[in-house]
Amino acid sequence: MKNKILKSIVLATSIICCSLCLCVAPTVTLSAQAAASETTVSPQADIKEWVTKEEDGKLWKRLWNASKLRWETDWIYVRDL
């Protein structure tokens, strides 16, 4: 009988201690400045676009890197017009 009472007291004490630990746990919040800095978008890939030209009835294309401001390829023949 004493053993059951002792076990009940230990169990109740353990439950109370655990619930207090959970209630006192700090919460993490971001300041407005930190939240704004996390939403900043920065491009990871270069921006590339095809440039076409028509010369002597032929269509040509060349790849332009707009991020680095340079040509990526030579002129490539596409087809006759």
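Per residue of the stretch 56-67, in order, report the coupling 6.51 cos²θ - 1.76 cosθ + 1.60 (Karplus, θ = phi - 60°) as ³J(HN,Hα) in whole Hz, putting x for Gly and Pro.
Couplings: 6, x, 10, 9, 10, 9, 8, 8, 10, 8, 6, 6 Hz.
Looking at the stretch 49-81, which GluC sites (Glu not before Pro) are DSSP coil and have at most 14 other C-beta atoms within 10 Å of their C-beta? Intermediate results must be reported in sequence, preceding the final value.
Working: sites: Glu49, Glu54, Glu55, Glu72; in loops: Glu72.
Qualifying residues, ordered by number: Glu72.
Pick out, in residue order, every one of the trypsin sites (Lys or Arg not before Pro) in the stretch 49-80 that is DSSP loop and has at most 16 other C-beta atoms within 10 Å; say none if there are none.
Lys68
We did not get these values from a lab; they are worked out from the coordinates using the rules stated. Keep in mind that this is a model prediction, so the values were computed, not measured. FYI the Cβ positions are ideal-geometry reconstructions off the backbone, even for glycines, and counts take in every protein chain you see.
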